[in-house]
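Chemist: Before I ask anything, let me first share the structure, which is written out below as structure tokens.
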Amino acid sequence: MNALLLSVGTLTALPVPAPSVVDRRVAGAAMVLAPVAVLPLAVLAAGVAAAGEALGLPALLTALLCIGTGALGTRGLHWDGLADTADGLSAGYDRERALTVIRSGDTGPSGVVAVVLVLGGQAAAITGAIAAGHGPFAVAVGMLAGRLVLALCCARGVPSARPEGLGATVAGTVGRLAAVTTLLAGVALVAAASLPTPLPPWRAGLAVVVGAACALTLLARCVHRFGGVTGDVLGACVETATLGTLVLLSF
């Protein structure tokens, strides 16, 4: 229960009581439970997609409303992480300078471009999924797949870039077997859930794998560049995984 409360309280704007215990064991379980924590928000965003279709709204407008719902439901947490991570990666080759840029919280040109490109890509992909007849499903899966990668990004062996902050709390807290099992379970559940839709189950499952691969590629770059993960890096991985997943679901 402490892990679920931590996961919901950290990853969503839903009001929940504070956990009574927060340690690395609880933090690791919270990362594994991330898709469960965000499930109500995924259902809400899918409902926005369905409502947009029912009302005959333009597909692009519906897609932007879905993304906005997700951003409001998470306080824009992951978008902020994406912007800060992009600024850090473009801040030169000095590790300490890059971490200072990330920690500053100001959004520079690289961060703005990254957010525009990723947000635009997500909107375009959702628009395509709506046209293909499985928009609400794609919206929900994209959001859940983005959180599914948190267990992989916090697997043992992934260090923290600095000794404090969210990254230090969760880095290396998830066993590798648990991380892989979480991914495989997510792939199987998404494939099964796609059966009532026009989408082939194999492509629905593959979309989750592609999203995870995109996030892990970014993670590897950040670990090499910053020396480990930070909370901002995790947020960037969430939005990157969402984009990768949505691209495979866009047709």
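Chemist: Which option, [x] 18.2, 60; [y] 17.5, 57; [z] 17.2, 52, is the value of Rg and Dmax of the Cα atoms in Å that was calculated from these coordinates?
Modeler: Step by step, Rg and Dmax of the Cα atoms in Å for this structure corresponds to label [z].
Chemist: Taking amide H positions as placed in the peptide plane 1.01 Å from N, state which residues far from Val229 in sequence (5 or more) or on other chains have amide H under 5 Å from it.
Modeler: Residues meeting the criterion, in which the H sits 1.01 Å from N, are Ser160, Ala161.
Chemist: Highest mean first, how do 29-36, 42-49 rank when packing is the count of other Cβ atoms within 10 Å averaged over residues?
Modeler: 29-36, 42-49
Chemist: On to the next question. In debye to the nearest 20, how big a dipole does the chain give about its Cα centre with +1 on each Lys and Arg Cβ and -1 on each Asp and Glu Cβ?
Modeler: Charge dipole, the chain, about its Cα centre: 540 debye, nearest 20.
Chemist: Among the trypsin sites (Lys or Arg not before Pro) within segment 31-99, which fall in a DSSP loop and have no more than 15 other Cβ atoms within 10 Å of their own Cβ?
Modeler: In loop regions of segment 31-99 (DSSP not H, G, I, E or B), the sparsely surrounded trypsin sites (Lys or Arg not before Pro) are Arg75.
Chemist: Could you state, as a whole-number percent, how many of the C-alpha pairs of segment 33-134 are farther apart than 17 Å?
Modeler: On the way: 3049 of 5151 pairs.
So the pairs more than 17 Å apart make up 59 percent of the total in segment 33-134.
Chemist: Could you work out the helix-only [θ] at 222 nm for the chain, with each DSSP H run of four or more residues adding -39,500 (n - 2.57) and the total divided by the number of residues, to the nearest 500 deg cm²/dmol?
Modeler: That calculation yields -24000 deg cm²/dmol at 222 nm.
Chemist: For the chain, return all DSSP H helices satisfying: extent of Cα atoms along own axis at least 20 Å; mean Kyte-Doolittle hydropathy at least -0.5. Walk me through the numbers on the way to the answer.
Modeler: Numbers: long enough: 39-54 (22 Å, 1.66); 59-73 (21 Å, 1.92); 109-132 (34 Å, 1.75); 135-153 (27 Å, 1.84); 176-193 (26 Å, 1.89); 201-226 (37 Å, 1.15); 231-248 (27 Å, 1.31).
Passing helices, by number: 39-54, 59-73, 109-132, 135-153, 176-193, 201-226, 231-248.
Chemist: Also, I was wondering about something else. Rounded to whole Å, give me the distance from the Cα center of segment 109-180 to that of segment 214-247.
Modeler: Taking the Cα centre of segment 214-247 as reference, the centre of segment 109-180 is 7 Å away.
Chemist: Another question about this same structure. Place +1 on the Cβ of every Lys and Arg and -1 on the Cβ of every Asp and Glu in the chain, take the dipole about the Cα centre, and give the residue among Ser160, Pro17, Ala178 whose Cα lies farthest towards its positive end.
Modeler: Of the options given, the answer is Ala178.
Chemist: In nm, give the distance between the simple-model label positions of Ala213 and Val43, each being 7 Å from the Cα along the Cα-to-Cβ direction.
Modeler: 3.3
Laboratory data are not the source of any read-out in this text; all were calculated from the coordinates shown. It should be emphasised that the depicted structure is a prediction, and the values quoted were computed from it without experimental measurement. Ideal geometry is used to build each Cβ from the backbone, glycine not excepted, and the neighbour counts take in all protein chains shown.
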